[in-house]
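The block underneath contains the structure these notes are about, expressed in structure tokens.
Only the coordinates and a few stated rules stand behind these numbers; no lab work does. Keep in mind that what you see is a predicted model, and the values were worked out from it rather than measured. Reconstructed Cβ throughout: ideal geometry from the backbone, glycine too, with neighbour counts over all protein chains shown.
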Amino acid sequence: MRNVLAALLFCIVLPAVAAERAGVLQPIPDPPSPPPGFELDPALEPQVTIIKRGSDTVEEYRVGGKLYMLKVTPAHGVPYYLIDEKGDGRMTRQEGLDSGIRPPMWTIHSW
């Protein structure tokens, strides 16, 4: 019984305290700018080229001039992807990017 009374008292007092503190809130300051040397490099941003081939639409995704993914959208049907998973230029077909589990694969070093 004491627990019920304590919970009921808590439910009554909590909104009153929240309404009282509503005037105390302050706006969140803007985030600071990144430190020098951490600016985004536009060369690392993906470049997308859209090409119409007949009734199909092909989107080419490149980073640093290297083609890593194609998205093919046929006029009638479901889009599919051709992805260069190993970086060797061989494209493998994926029906959707969310099909199955794909571990993260990043290029750590290349020469």
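Amide H neighbours of residue 85 under 5 Å, counting only residues 5+ apart in sequence or on other chains, H built in-plane at 1.01 Å?
Residues meeting the criterion, in which the H sits 1.01 Å from N, are 92.
Could you give each residue of segment 68-80 its phi-based ³J(HN,Hα) in whole Hz, using Karplus coefficients 6.51, -1.76, 1.60 with θ = phi - 60°, and x for Gly or Pro?
10, 7, 10, 10, 10, 10, x, 4, 10, x, 8, x, 9
When the dipole is taken about the Cα centre of segment 42-94, and only Lys, Arg (+1) and Asp, Glu (-1) are charged at their Cβ, what size is it in debye, to the nearest 20? Walk me through the intermediate numbers first.
Details: 8 positive and 7 negative charges, 24 e Å.
So the magnitude is around 120 debye.
Mind checking segment 1-91 for trypsin sites (Lys or Arg not before Pro) that DSSP puts in a loop (not H, G, I, E or B) and that have at most 14 other Cβ atoms within 10 Å?
Working: sites: 2, 21, 52, 53, 62, 66, 71, 86, 90; in loops: 86, 90.
Taking segment 1-91 and a limit of 14 other Cβ atoms within 10 Å, the loop trypsin sites (Lys or Arg not before Pro) found are 86, 90.
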